[in-house]
Amino acid sequence: MIRIQGGRRLKGSVEVAGSKNAALPLLFACLLSDDDCHLTGLPDVADIRTAARLLERLGASVERHDPSSMTINCSGVDQWEAPYDLVRTMRASFLVLGPLLARFGRARVSMPGGCAIGARPVDVHLSALRLMGARIETVRGYEEASTDGLKGAHIILEKPSVGATENLLMAASLARGSTRLENAAREPEVVDLARALQKMGANISGAGSSVVEIEGVERLGGMTHRVIPDRIEAGTFLIAAAMTRGEVTVKGARAEDLRELVTALESAGAVLRDNGDGMTARCDKRPSAVNVATAPHPGFATDLQAQFMAMMSIADGASLITETIFENRFMHVSELQRMGADITLSGNSALVRGRVSLSGAAVMATDLRASVSMVLAGLAGDYQTDVLRVYHLDRGYERIEEKLRSLGADVERVDMEGPY
Ligand code: EPZ
């Protein structure tokens with residue numbers, strides 16, 4: 001578990017790791033080529049290790065040079081199955097479907113099933129791949145897919161799904177003919193994937209807007225690519241600075257990726273500065289209440305909603321937080337309530353009446369961002385908080401306790417027996 005003795009103002013400078021959610025599709029994009037792909041700036045987190053394990057199971061060679069760089073070669077891939085044990089551990093494993101189909105004409109990928117934050121169906125991925133000529137059947141919990149050759153198609157996504165957009169970018173890059181993708185996700189991670197695919201020889205235009213056009217090519221080569229910094233980790237540290245009335249420079253924070261959060265933090269009373277290679281957040285007073293509603297990029301990121309709610313729990317005034325992306329992304333509410341937060345849930349909105357202070361408690365959460373919101377709540381008050389089930393944090397935050405300690409926080413990892 002992580003034990004936090006709260007009440008310290010965070011001060012100093014911290015560097016964010018590479019983006020987990022950009023790195024995962026990049027790792028699977030390597031399946032599209034026989035040549036070496038060099039990725040640097042990878043975060044040293046559990047999900048990246050799971051993705052590397054999946055690539056190895058498929059027959060790829062994965063050479064880890066140091067915790068943040070790998071060379072992947074997929075010329076030896078001779079398996080096409082993403083098994084349940086890995087997909088269950090990490091849903092993003094579903095992103096092998098597009099590349100495997102495009103390159104080998106077949107794939108067998110476990111259905112991800114629901115998860116703590118919602119049902120999370122994959123229908124948008126499947127219907128679009130069918131339009132491109134894939135035959136896909138559900139057999140005993142697996143999506144079994146095959147094709148005699150993917151062909152370009154005009155696809156209008158029912159939702160701007162990040163994962164579906166990524167699967168389709170990869171599939172369409174090696175398909176015959178041109179693909180027009182409308183209502184595509186515009187997240188920075190999608191843009192990073194498109195940039196890497198372009199380095200491999202793909203012909204993609206419009207990534208980062210709602211309409212992306214891809215002209216398929218016959219083969220893709222290798223690439224050398226540095227993963228973009230993690231905007232969610234960056235946002236988490238900026239919120240931590242504001243919550244503790246501190247001053248923190250977050251190296252790697254990119255203002256253009258965090259516009260809605262920056263606006264919300266400024267409305268709450270924080271002062272944000274763009275330093276070019278990062279951002280600084282300072283807050284000298286108790287944050288004010290601010291309403292936010294999550295939305296696809298460039299809207300307020302759902303992956304920052306729990307952290308922002310932790311801040312609103314101690315804000316001056318009442319705020320309304322609305323979650324529009326996932327139907328069940330409020331598991332942190334009951335844990336924040338155990339710490340004394342005054343939150344009323346109604347449908348997909350939470351009314352948060354800020355308290356001057358919460359109280360310490362042992363808490364745990366069922367997903368990564370909910371877990372980190374507990375850490376933030378722990379940092380803000382003058383009490384001890386134990387955050388259990390640290391494995392959620394370790395999936396997406398690199399050495400979080402070390403980074404927080406370097407900013408002056410009193411945080412330690414305490415080994416416990418059992419799956420904590
Ligand atoms: C990505 O998940 C991220 N994961 C999530 O981050 C993030 O919360 C999410 O995008 C939204 O920004 C990775 O990048 C690995 P979606 P993804 O497909 O791609 C519905 C974190 O904490 N939908 O954009 O799975 C879906 O249920 C994680 O790091 C369908 O209905 O998200 C959701 O309501 C958690 N059918 C909405 O669309 C589909 O076929 C957005 O999901 C696909 C999605």
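The values are calculated or read from the model by the stated rules, or taken from the named source; none is laboratory data. Note that the structure is a prediction, hence the values are computed from the model and not measured. Note that each Cβ is placed from the backbone with ideal geometry, even for glycine, and that neighbours are counted across all protein chains shown. We work out accessible area using only protein heavy atoms, side chains counted, and drop any ligands, DNA or RNA first. Shrake-Rupley method; radii C 1.70, N 1.55, O 1.52, S 1.80 Å.
I'd like the residue in the range 370-380 that is more than 16 Å from the ligand (Cβ to nearest atom) and small (Gly, Ala, Ser) and, out of all such residues, is farthest from ALA116 (Cα to Cα). Please lay out each step first, then the result.
Step one: list which residues in the range 370-380 are more than 16 Å from the ligand (Cβ to nearest atom), which gives 377-380.
Among the residues that remain, those that are also small (Gly, Ala, Ser) are: 377-378, 380.
Numbers: ALA377: 21, GLY378: 22, ALA380: 26 Å.
If we take residues in the range 370-380 being more than 16 Å from the ligand (Cβ to nearest atom) and small (Gly, Ala, Ser), then ALA380 is farthest from ALA116 (Cα to Cα).
Within the range 298-318, count every residue that is open to solvent by 10 Å² or more (accessible area, probe 1.4 Å) and part of a helix (DSSP H, G or I).
Counting residues in the range 298-318 that are open to solvent by 10 Å² or more (accessible area, probe 1.4 Å) and part of a helix (DSSP H, G or I) gives 2.
Is the range 239-247 home to any residue that is outside the structural domain of LEU42 (by TED's automatic domain parsing), at pLDDT 95 or above, within 20 Å of the chain's Cα centre (by Cα) and within 16 Å of the ligand (Cβ to nearest atom)? Looking for residues that are outside the structural domain of LEU42 (by TED's automatic domain parsing), at pLDDT 95 or above, within 20 Å of the chain's Cα centre (by Cα) and within 16 Å of the ligand (Cβ to nearest atom), one finds at least one in the range 239-247, hence yes.
Cβ-Cβ distances below 7 Å connect the following pairs, each with a first residue in the range 199-227 that is acidic (Asp, Glu), a second residue that is part of a loop (DSSP other than H, G, I, E, B), and a separation of six or more residues or different chains: GLU213/GLY206. Each residue in the range 70-92 was checked for being within 10 Å of the ligand (Cβ to nearest atom) and assigned to a loop (DSSP other than H, G, I, E, B), and 1 of them qualify.
Could you grab me the full set of residues in the range 338-369 that are more than 16 Å from the ligand (Cβ to nearest atom) and not in a strand (DSSP E or B)? ARG338, MET339, GLY340, ALA341, GLY354, ARG355, VAL356, SER357, LEU358, SER359, GLY360, ALA361 - these are the residues of the range 338-369 that are more than 16 Å from the ligand (Cβ to nearest atom) and not in a strand (DSSP E or B).
Tell me whether the range 313-331 contains one or more residues that are within 25 Å of ARG405 (Cα to Cα) and basic (Lys, Arg). There is no residue in the range 313-331 that is within 25 Å of ARG405 (Cα to Cα) and basic (Lys, Arg).
Scan the range 257-267 and tell me whether some residue there is out of contact with any strand residue (DSSP E or B) (no Cβ under 8 Å at 6 or more places or on another chain), surrounded by fewer than 21 Cβ atoms within 10 Å (Cβ to Cβ) and assigned to a helix (DSSP H, G or I).
Scanning the range 257-267 turns up at least one residue that is out of contact with any strand residue (DSSP E or B) (no Cβ under 8 Å at 6 or more places or on another chain), surrounded by fewer than 21 Cβ atoms within 10 Å (Cβ to Cβ) and assigned to a helix (DSSP H, G or I).
Quick check, is VAL372 touching a helix residue (DSSP H, G or I) at 6+ places or on another chain (Cβ under 6 Å), in contact (Cβ under 8 Å) with a residue 40 or more places away in the chain and open to solvent by less than 10 Å² (accessible area, probe 1.4 Å)? Taking the combined requirement at face value, the residue satisfies it. For the range 219-242, state whether one or more residues are assigned to a loop (DSSP other than H, G, I, E, B) and surrounded by fewer than 16 Cβ atoms within 10 Å (Cβ to Cβ). Checking the range 219-242: at least one residue is assigned to a loop (DSSP other than H, G, I, E, B) and surrounded by fewer than 16 Cβ atoms within 10 Å (Cβ to Cβ). Note on the range 319-351: residues that are over 17 Å from GLY378 (Cβ atoms) and open to solvent by less than 60 Å² (accessible area, probe 1.4 Å) amount to 11.
Filter the range 50-92 down to the residues that are without any contact (Cβ under 8 Å) to a residue 12 or more places away in the chain and either more than 19 Å from MET170 (Cβ to Cβ) or not β-branched (Val, Ile, Thr) (or both) and list them by number. Step through it out loud before you land on a result.
Narrowing the range 50-92 to residues without any contact (Cβ under 8 Å) to a residue 12 or more places away in the chain: 56, 62-63, 65-66, 85.
Scanning the range 50-92 gives GLU56, GLU63, HIS65, ASP66, ASP85.
When each of GLY76, GLY6, GLY12 is tested for being open to solvent by 30 Å² or more (accessible area, probe 1.4 Å) and in the same structural domain as VAL387 (by TED's automatic domain parsing), the lone residue that passes is GLY12.
Considering only the range 93-107, state which residues are in contact (Cβ under 8 Å) with a residue 40 or more places away in the chain and either part of a strand (DSSP E or B) or within 22 Å of LYS20 (Cα to Cα) (or both).
Going residue by residue through the range 93-107, those that are in contact (Cβ under 8 Å) with a residue 40 or more places away in the chain are 93-103, 105-106.
Answer for the range 93-107, where residues must be in contact (Cβ under 8 Å) with a residue 40 or more places away in the chain and either part of a strand (DSSP E or B) or within 22 Å of LYS20 (Cα to Cα) (or both): SER93, PHE94, LEU95, VAL96, LEU97, GLY98, PRO99, LEU100, ARG106.
Cβ-Cβ contacts under 9 Å between residues 6 or more apart (or on different chains), taken from a first residue in the range 108-134 that is more than 23 Å from ARG180 (Cα to Cα) to a second residue that is basic (Lys, Arg) and open to solvent by 60 Å² or more (accessible area, probe 1.4 Å), are listed as SER110/ARG88; PRO112/ARG88; PRO112/ARG120; GLY113/ARG88; GLY113/ARG120; GLY114/ARG120. Every listed requirement among (1) within 16 Å of the ligand (Cβ to nearest atom); (2) over 30 Å from MET279 (Cβ atoms); (3) surrounded by 18 or more Cβ atoms within 10 Å (Cβ to Cβ) is met by LEU95 save one, (2). When PHE326, PHE300, PHE308 are screened for being within 12 Å of the ligand (Cβ to nearest atom), touching a Phe, Trp or Tyr at 6+ places or on another chain (Cβ under 9 Å) and on the phi < 0 side of the Ramachandran plot, only PHE300 passes. LEU404 fulfils the conditions (1) outside any helix (DSSP H, G or I); (2) under 20 Å from GLU15 (Cα atoms) except for a single criterion, (1).
Of the residues making up the range 53-69, those that are over 23 Å from ALA164 (Cβ atoms) and assigned to a helix (DSSP H, G or I) are ARG53, GLU56, ARG57. Of all residues in the range 383-404, those being farther than 10 Å from ILE4 by Cα and not aliphatic (A, V, I, L, M) number 11.
Scanning the range 272-297 for residues that are assigned to a loop (DSSP other than H, G, I, E, B) and either open to solvent by 40 Å² or more (accessible area, probe 1.4 Å) or free of Cβ contacts under 8 Å to residues at least 40 places away in the same chain (or both) gives ASN275, GLY276, ASP277, ASP284, LYS285, ARG286, VAL290, ASN291, ALA295, PRO296.
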